């Protein structure tokens, strides 16, 4: 691990994939194929290319098929966090997997597709990471670099990079990519139960310890079947 804040990433892969129906009627969303390979392989391949040696993947919906697919991978080395008994959402999923994760760790969604800028996203995040002042560092992207995205955005950044949430009836300039660095401090005092990471972010926001880093590459929103073809066309163009 050279120059990276962590050698481990948690990959969120337990969700029901409702927005991707009907493609997820008989397979978990991470196994939906885009540009010739499953979504989760796009994510894991980028982790491997960046030098991240370990991935902790949580599973719930159609978990057997996802586990069988992951068992065939060699790099990064995959450990399963089993949520078959109860889907814990993003916050609860991280807390359940905490003992498998170093401090800090990368966390990202299993359906992320992106093209890096001058250097890879994990190197960018690592260079900016400062555990003395941050509980989490979110990779955010401006609208112009977010393909297939049509929402109002998520966050503002102040001159120091601290995050604030989009105000009602306004457009926010930055969209959360689903990629972040997380400190164990963000997870403190949390139980293994169903809850969103937004709960943890809100506390960090109040303490001035939630930061964002603008992404210099291109990020693709791949949440619905209709987004697959435009994403494939853009990837083919490079």
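So for segment 225-237 (the condition being surrounded by fewer than 18 Cβ atoms within 10 Å (Cβ to Cβ), under 28 Å from residue 20 (Cβ atoms), touching a residue at least 40 places away in the same chain (Cβ under 8 Å) and touching a helix residue (DSSP H, G or I) at 6+ places or on another chain (Cβ under 8 Å)), does at least one residue qualify?
Looking through segment 225-237, at least one residue is surrounded by fewer than 18 Cβ atoms within 10 Å (Cβ to Cβ), under 28 Å from residue 20 (Cβ atoms), touching a residue at least 40 places away in the same chain (Cβ under 8 Å) and touching a helix residue (DSSP H, G or I) at 6+ places or on another chain (Cβ under 8 Å).
What single numbered condition from (1) over 19 Å from residue 11 (Cα atoms); (2) touching a residue at least 24 places away in the same chain (Cβ under 8 Å); (3) out of contact with any strand residue (DSSP E or B) (no Cβ under 9 Å at 6 or more places or on another chain); (4) not in a helix (DSSP H, G or I) fails to hold for residue 151?
The single condition residue 151 does not satisfy is (3).
How many residues does segment 128-138 contain that are assigned to a loop (DSSP other than H, G, I, E, B) and surrounded by 17 or more Cβ atoms within 10 Å (Cβ to Cβ)?
Residues that pass the stated criteria total 3.
Yes/no matrix, rows are residues, columns are (1) crowded, with 20+ Cβ neighbours inside 10 Å; (2) in a loop (DSSP other than H, G, I, E, B):
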{"position": "11", "(1), (2)": "yes, no"}
{"position": "55", "(1), (2)": "yes, no"}
{"position": "58", "(1), (2)": "yes, no"}
{"position": "65", "(1), (2)": "no, no"}
{"position": "72", "(1), (2)": "no, yes"}
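Please state which one of 101, 157, 139 is more than 17 Å from residue 211 (Cβ to Cβ) and in contact (Cβ under 8 Å) with a residue 24 or more places away in the chain.
101
Quick check: is even one residue across segment 201-213 crowded, with 20+ Cβ neighbours inside 10 Å and in a loop (DSSP other than H, G, I, E, B)?
yes
Let me spell it out: the conditions are (1) closer than 27 Å to residue 101 by Cβ; (2) out of contact with any helix residue (DSSP H, G or I) (no Cβ under 7 Å at 6 or more places or on another chain), and residue 159 meets all of them except one. Which number is the exception?
(1)
Considering each residue of segment 20-34, count those that are in contact with a strand residue (DSSP E or B) (Cβ under 8 Å, 6 or more places away or on another chain) and part of a strand (DSSP E or B), and give that number.
Qualifying residue count for the region: 1.
When the residues of segment 85-122 are filtered to those that are at pLDDT 95 or above, in contact with a strand residue (DSSP E or B) (Cβ under 7 Å, 6 or more places away or on another chain) and in a loop (DSSP other than H, G, I, E, B), which remaining residue is nearest to residue 17 (Cα to Cα)?
101
Return the residues of segment 96-122 that are surrounded by fewer than 21 Cβ atoms within 10 Å (Cβ to Cβ) and in contact with a helix residue (DSSP H, G or I) (Cβ under 7 Å, 6 or more places away or on another chain); say none if nothing qualifies.
Result: 98, 103, 120.
In the set 47, 125, which member is in contact with a helix residue (DSSP H, G or I) (Cβ under 9 Å, 6 or more places away or on another chain), surrounded by 14 or more Cβ atoms within 10 Å (Cβ to Cβ), at pLDDT 95 or above and part of a helix (DSSP H, G or I)?
None of the other options fit; the residue is 47.
Select from segment 175-190 the residues that are in a loop (DSSP other than H, G, I, E, B) and touching a helix residue (DSSP H, G or I) at 6+ places or on another chain (Cβ under 7 Å) and list them in ascending order.
Hit for segment 175-190 is 190, nothing else.
Has segment 167-174 got at least one residue that is in contact (Cβ under 8 Å) with a residue 24 or more places away in the chain, under 17 Å from the mean Cα position of the chain (by Cα), under 27 Å from residue 97 (Cα atoms) and in a strand (DSSP E or B)?
no
The values are calculated or read from the model by the stated rules, or taken from the named source; none is laboratory data. Every value quoted in this text rests on a predicted model; they were computed, and no experiment measured them. Positions of Cβ are generated from backbone atoms using ideal geometry, with glycine treated the same way; all protein chains shown enter the neighbour counts.
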